[in-house]
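Here, each number is a calculation from the coordinates, and none is a lab measurement. This is a predicted model, so every value here is computed, not measured. Heads up, the Cβs are rebuilt from the backbone with ideal geometry, glycines too, and the neighbour counts pull from every protein chain shown.
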Amino acid sequence: MSNRYRCPFENLLILDFNTTCEQNNYDYPSEIIQMNVTVINIRDKMIREDQTFNRFVRPVINPVLSDYCVRLTGIDQNSINTADVFPVVYDQFVAWLREHNFQEKTFAFVCEDHQTIWLNAQYQFLLLDRSIPAIFRQWINITTVLQYLIPERNYDNLPGETFVNKASNFYNIEFIGNSHNAMDKSSFLAKLTKRILDDNNLVSVNRSLRCNVNSRRVPLNVDPNWRTTFQSAMLVFGRMLPLVPAVVYTYFTDDDYAKCQYCKNGPDVCLGVVHEQYPYEVYEQLVEPSVFASAARLDIDFNGEEEDEVEDEEDVNGQDDVNDEDDVDDEDDVDDKDDVNDEDKD
Ligand SMILES: [Zn+2]
């Protein structure tokens, strides 16, 4: 056993995206422009650099990158112009999974935080009017893993402004490249994850997507400056996006693979639209329509009905393992202090 990592998967796929962006404006229809996956093979205890998946993606809504986005990510317009659009790249990714025999139940994604899948992937599939594939329904938030490993959970006091700085300092792992580029970020996260595994720490799934959390039942008072304030924008997106990230302590087993822990439905049924996911209070508070919401048609489906009190009661007293404590964490997850540091990550 000692030569095995404490990880219940055969491979970890370290995932990161870059998206289109505009300086000082979070109300923007962010499309994926780079997708990178770096592989850690658990049996070999190796980062498989020969198996890296890296693609540029051509955005459709805003095909021309802003100067800010080019500067931040280091991705140039030419690379984008010659790239395939997301549905094509995603099909290439699925083919790549098949080619390497990465079966969905035998790997887990590792992400820096919840934004990679909850925000970037979910939003990209909403733009395409497709439900987010089952493989994205769970992941390992490596920031959370690290936070638990810091002595006395003293993460905030680690030297460094961002997660990358803090992790780099804590483990003395040099960051090579541009910390806002998906390929460089993914490569660093792979080294970090390997180091955490090498120290014999457990690395397993700690987040999943589901269609509701208790915190959503409390009306959100929208910050009038949400478009330019990262933290406030994330709170608004937390209400607009159909699925929310939830803290979990187990990964999907065969029978429950990709099933929502809230409604118990599979990924094709649990779309987050049947559980009052578009609180009219949020849209009523917006002075101007949201570009983020309208590009993905998120603002036209809500019907403004009051939430069903009976159903809420059932949820609180439900026999499932969704308890209030989880939901407190869920709220923290969307409203995560650490994410402030990543204000301009894409
Ligand atoms: Zn659900």
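Descriptive notes on the structure:
- Over the range 104-204, Cα pairs under 8 Å with separation of 6+ residues give a relative contact order of 22 percent.
- The range 11-340 gives an Rg/Rh value of 0.94, both radii derived from C-alpha positions and Rh following Kirkwood.
- Using C-alpha pairs below 8 Å separated by at least 6 residues, the relative contact order for the range 1-45 is 50 percent.
- Full-extension gain in nm, residue 99 to residue 198, via 0.36 nm per residue minus C-alpha separation: 32.9 nm
- Relative packing of peptides 155-166, 225-236, 106-117 - highest average C-beta neighbours within 10 Å first: 106-117, 225-236, 155-166
- Flagged links, alpha-carbon separation over 22 Å, of 105/194; 194/259; 45/105: 194/259
- Looking at the range 11-340, the DSSP beta bridges with both ends there are about 75 percent antiparallel.
- A crude spin-label estimate for the pair residue 265 and residue 228, with each label 7 Å from Cα along the Cβ direction, gives 4.1 nm.
- Alpha-carbon centroids, the range 222-261 and the range 1-59: separation in whole Å: 19 Å
- Distance between the modelled labels on residue 24 and residue 64, one decimal in nanometres: 2.1 nm (7 Å Cα→Cβ projection).
- Relative contact order of the range 11-340: 20 percent, from C-alpha pairs under 8 Å at least 6 residues apart in sequence.
- Per-selection metrics, the range 105-205 (Cα): Rg and Dmax in Å: 14.6, 44
- Extended-chain gain in nm, criterion 0.36 nm per residue less alpha-carbon gap, residue 77 and residue 48: 7.5 nm
- Efficiency of FRET from Cβ geometry, residue 106 and residue 84, R₀ 30 Å, rounded to 0.05: 0.65
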